[in-house]
Amino acid sequence: MTDKTMTPEDVVARLRSGMTLGIGGWGSRRKPMALVRALLRSPVTDLTVISYGGPDVGLLAAAGRIRKLVAPFATLDSIPLEPHFRAAREAGAFTLTEIDEAMFMWGLHAAANRLPFLPVRAGLGSDVMRVNPGLRTVTSPYEDGETFVAVPALRMDAALVHLNRADRLGNAQYLGPDPYFDDLFCEAADSAYVSCERLVEPGGFADAVPQTLLVGRHSVTGVVEAPNGAHFTSCVPDYGRDEPFQKLYATTPWEDFAVRFLSGPDEKSYQSAVQAWHEEVR
Amino acid sequence: MTGPAVSRAEYCVIACAEAWRGDGEVLASPMGLIPSLGARLARRTFAPDLLLTDGEATLVGADGAAEGWLPYRRHLTMVTGGRRHVMMGASQLDRYGNQNISCIGDWAAPTRQLLGVRGAPVNTLNNPVSYWVPRHSPRVFVPEVDMVCGVGYDRAAAAGARYHCLPRVVTDLAVLDFATPDRTMRLASLHPGVTVAQVRAATGFEPAVPDEVPFTRDPSAEELRLIREVLDPEGRREAEVRG
């Protein structure tokens, strides 16, 4: 069997500027932040990012890596508006494809099922149709004759997700209450990279409740062990959101934040900088 | 009634709770503190069949005990299946109930970027959508919203929407609905202490005003007890709505 373990650097070495990149999680929850931080240390840019947006979007937008964003929102949950996303958007730093949450989900389903689109009862009558003039409608071929929006598949070159546990083959397990859409992201992408809190050894899922095994190895290209890798977003039950640090992120000028926390050579230097900050403010 | 007089915030809780009256076995999705208190009050009193969540992925009973699983993707099925009544916020609302939470100004170059459209387009085409506005002002109640996220009655009719329904808009001043022949906003009740003139001055368009405008109903003694002693003993509601 193939051992798919990699480092965060190995993952971003496989990404190219101009790619379409899906990022799992939701808002400020279980985001693959260690992989996003590795991306920030790389020269990869000009990305089309597909995300239920949180600080992943804020970080990449602030660093000027996004050419186009496909998202129904960007939020930090306990801080409703993502400040760096807002600033970049108000500065016209990227193109926005604004779609509804359910349209987004059906776009993932379409991509995962190799369909060009799926019909949804959403979008009609709203200005989503005005600001996304490329959207088409489709009429039911049955007697109801209803008109729907044909949401195009959200196919990706690569997807990044973070789960609680994974094995070396790419099977991955979530232990929190919500799977979000991470399995769909992996299936909607040509290659998918899973970071996890802890690698389990072969056979380590023998006693797992089967429905917690969310992501299957057939849809995974690489696995990264990244303890605390969703920081500062939540990754329950391993840890909750680091609210003080998130507040720091949201209120610190971007350059200052980036210099202090993101300029080190690797993920370990980020984690050390965070620890030092916590000790300082304690 | 004994004890302190009913506060404006408590009338708002009652007005929000009333949004779910008669809904039956549907998910109440309150966004914000006052709607959340309203939904939980309704669940504990006159709407015992309502489904509630813990704010994450668990459906909970009145005592907070788990009774089901509702992660995001199943939540979206409740929306499109119509088994949900959400009370959303609104940065802007027009007379037909078109709602904006995406951005202020021209969408192509917004002066203020807000949340994004979130689920407002799918919500308004599929399940009942009420709104909660904690500061009733001409900034929120505008002649025309900058970006239609939630679909109002005029656009829903033009789109042939089959399941569109906006039951009510609750603000810190009043309850409004769309019970007019052309489905434009109407003043349905005033919270005690508020005048029609105050609502008119705080609304950026002319709402329909019936000859007789009732007051928002009083809470019962038991409802007041639940609000004050069980649902919000710290009095957080008074910070959201003053007066």
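The values are calculated or read from the model by the stated rules, or taken from the named source; none is laboratory data. Source: prediction; values computed, not measured. Every residue, glycine among them, receives a Cβ derived from its backbone with ideal geometry; neighbour counts consider all protein chains shown. Calculation scope for accessible area: heavy atoms of the full protein, side chains included, ligands and nucleic acids excluded. Shrake-Rupley method; radii C 1.70, N 1.55, O 1.52, S 1.80 Å.
Across the range A:218-282, counting alpha-carbon atoms alone, Rg and Dmax equal 13.5, 45 Å. Counting only other chain Cβ atoms within 10 Å of each residue's Cβ, the peptide A:172-179 averages 3.
For the range B:151-243, the relative contact order works out to 19 percent when only alpha carbon pairs closer than 8 Å and six or more residues apart are counted. Per-residue mean of foreign Cβ neighbours for B:64-70 is 1 (Cβ atoms of other chains, 10 Å radius).
Quick check: at a probe of 1.4 Å, how many percent of the accessible area of the range A:70-219 sits on carbon and sulfur atoms? Can you show the working numbers first?
Details: 3180 of 5890 Å².
The nonpolar share, carbon plus sulfur, comes to 54 percent.
Each part reduced to its alpha carbon centroid, the range B:1-67 and the range A:1-78 end up 38 Å apart.
The equivalent ellipsoid that matches the C-alpha gyration tensor of the protein assembly as shown spans semi-axes of 41, 26, 23 angstrom, in descending order. Over chain B, DSSP H runs of length four or greater, each weighted -39,500 (n - 2.57), average out per residue to a 222 nm ellipticity of -6500 deg cm²/dmol.
Compute for chains B and A the buried accessible surface, both sides summed, probe 1.4 Å, and express it in Å² to the nearest 100. Could the numbers behind the result be given before it?
Values: alone 11490 and 12740 Å², together 20850 Å².
Buried area between the two chains comes out at roughly 3400 Å².
Of the residues B:Gly82, B:Gly105, B:Gly150, the one that moves most in a GNM of chain B with alpha-carbon contacts below 10 Å is B:Gly105. In percent, rounded to a whole number, the relative contact order of chain B is 21, using alpha-carbon pairs under 8 Å and six or more apart.
Per-residue Cβ counts within 10 Å, from other chains only, averaged over A:98-108: what number is that? Before the final figure, lay out the partial values.
On the way: counts 8, 3, 12, 12, 12, 4, 3, 7, 3, 0, 1.
Per residue, the number of nearby Cβ atoms from other chains is 6 on average.
Using a cutoff of 8 angstrom between alpha carbon atoms and counting only pairs six or more residues apart, the relative contact order for the range A:138-195 works out to 38 percent. The phi torsions of the range B:148-155, fed into the Karplus equation with coefficients 6.51, -1.76 and 1.60 and a -60° offset, translate into couplings of 6, 9, x, 8, x, 5, 5, 6 Hz, rounded to whole numbers, with Gly and Pro shown as x.
Would you list B:Asp172, B:Asp154 from the most to the least accessible area, probe 1.4 Å?
Working: B:Asp172 30, B:Asp154 60 Å².
Largest accessible area first, the residues go B:Asp154, B:Asp172.
Determine the percent antiparallel among the DSSP beta bridges restricted to the range A:1-159, to the nearest 5.
Working: 9 of 24 bridges.
In the range A:1-159, DSSP labels about 40 percent of beta bridges as antiparallel.
For A:Phe117, the amide hydrogen comes within under 5 Å of the amide hydrogens of A:Ala153, counting only partners 5 or more places away or on other chains and with H modelled in the peptide plane. Counting only heavy atoms of the protein chains and using a 1.4 Å probe, B:Asp106 has close to 90 Å² of accessible surface.
Placing +1 at every Lys and Arg Cβ and -1 at every Asp and Glu Cβ, with all other atoms neutral, what dipole size does the protein assembly as shown have around its Cα centre, in debye to the nearest 20?
Using only the charged Cβ atoms, the result is roughly 660 debye.
Considering only DSSP beta bridges where both residues belong to the protein assembly as shown, give the percentage that are antiparallel (nearest 5). Provide the component values of the computation, followed by the final result.
Details: 29 of 75 bridges.
Around 40 percent of the beta bridges assigned by DSSP in the protein assembly as shown are antiparallel ones.
Within the full protein context, the accessible area of A:Arg217 is estimated at about 110 Å² for a probe radius of 1.4 Å.
Calculated mean residue ellipticity, 222 nm, chain A: -7500 deg cm²/dmol, from DSSP H runs (n ≥ 4) at -39500 (n - 2.57) each, averaged per residue and rounded to 500. Springs join every pair of Cα atoms under 10 Å in this Gaussian network model of chain A, and among A:Asp207, A:Asp266, A:Asp183 the largest mean-square fluctuation is at A:Asp207. Residue order by solvent-accessible surface for A:His162, A:His84 is A:His84, A:His162, largest first, with ligands and nucleic acids left out and a 1.4 Å probe.
Summarising the strand pairing of chain B, around 55 percent of its internal DSSP beta bridges are antiparallel.
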